[in-house]
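Chemist: Just passing along the structure, written as structure tokens.
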Amino acid sequence: MSGNGMGSKQWQRTGAVVLGGDFHGLGIIRSLGRRGIPVCVIDDRHSIAKFSRYATLSLNAPNIRKERETVDFLREIAERYNLKGWVLFPTRDEHVAAVSRWREELAQWYRVPTPGWDCIKWAWNKRNTYKLAERLGIPTPRTWCPRNQEELDAIAADFPLAVKPAVKEDFFMRPRRKPGGPTVGRSYKRSFARRRNMWPAMKF
């Protein structure tokens with residue numbers, strides 16, 4: 001673990017822990033920092049938010065893409081830097097999932113506004129989102145969830161179509177670009193096959 005060397009400082013007021021230092025995290029840090037709220041930003045990458053004037057404490061985590069490692073790190077820094085009672089803000093989908101699934105454990109150290117997994121699961125996986133919308137009578141775009149090439153071939157649809165992941169986490173991390181976008185004609189089959197080859201274990 002590395003940080004800015006503030007150790008177990010006695011804070012004058014309750015602060016916030018922002019998990020993830022991209023532009024989402026930067027927005028939270030600026031909003032809170034301008035109001036005099038101390039903010040700790042955590043990331044495992046060279047992110048922009050760590051350099052904000054409002055980042056009171058910046059910490060480099062070994063890995064915040066795996067849930068258990070993320071939770072263990074959050075517990076460790078809460079004790080080491082005296083962050084008990086601070087508000088926890090996850091900024092990326094994988095962080096939201098980790099905080100939601102381990103909410104009860106993290107709540108022993110932090111204030112956790114993120115709902116539990118029984119709530120988050122409906123937004124985390126688009127399959128769940130569309131199923132819930134259908135059950136509630138909420139209109140959604142026509143959607144198919146083919147599991148193989150045969151189910152893909154059986155789709156009768158008008159174009160253009162978009163190939164989207166059901167869970168986007170690994171899709172963003174691996175290719176370093178968003179893998180969606182409309183596809184025209186039969187090219188959506190090539191798009192589907194290409195993504196299947198890149199992420200065989202993931203769901204569409």
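Chemist: Give me the compactness ratio for the stretch 16-121, meaning the Cα radius of gyration over 2.2 N^0.38 Å. Before the final figure, lay out the partial values.
Modeler: Details: Rg = 12.5 Å, N = 106, 2.2 N^0.38 = 12.9 Å.
Expressed relative to 2.2 N^0.38 Å, the Cα Rg reads 0.97.
Chemist: In whole angstrom, how far apart do the alpha carbon centroids of the stretch 49-66 and the stretch 70-104 sit?
Modeler: Result: 13 Å between the Cα centres.
Chemist: Just want the ordering: Phe23, Phe73, from fewest to most Cβ atoms lying within 10 Å of their own Cβ.
Modeler: Working: Phe23 11, Phe73 20.
Exposure proxy ranking, most exposed first: Phe23, Phe73.
Chemist: Can you pull the three principal axis extents for the Cα set of the stretch 62-156, in Å, largest first?
Modeler: Extents along the principal axes: 58, 30, 17 Å.
Chemist: Along each of its three principal axes, how wide is the spread of alpha-carbon positions in the stretch 25-66, in whole angstrom units, largest first?
Modeler: 32, 15, 14
Chemist: Do any of Lys50/Lys168; Lys121/Lys168; Lys66/Lys121 go past 22 Å between their Cα atoms, and which?
Modeler: Details: Lys50/Lys168 25 Å; Lys121/Lys168 13 Å; Lys66/Lys121 17 Å.
Distance filter (> 22 Å) returns Lys50/Lys168.
A short reminder: the numbers here are calculations on the coordinates, not readings from a lab. Please read these numbers as outputs of a predicted model, since none were measured by experiment. Every residue, glycine among them, receives a Cβ derived from its backbone with ideal geometry; neighbour counts consider all protein chains shown.
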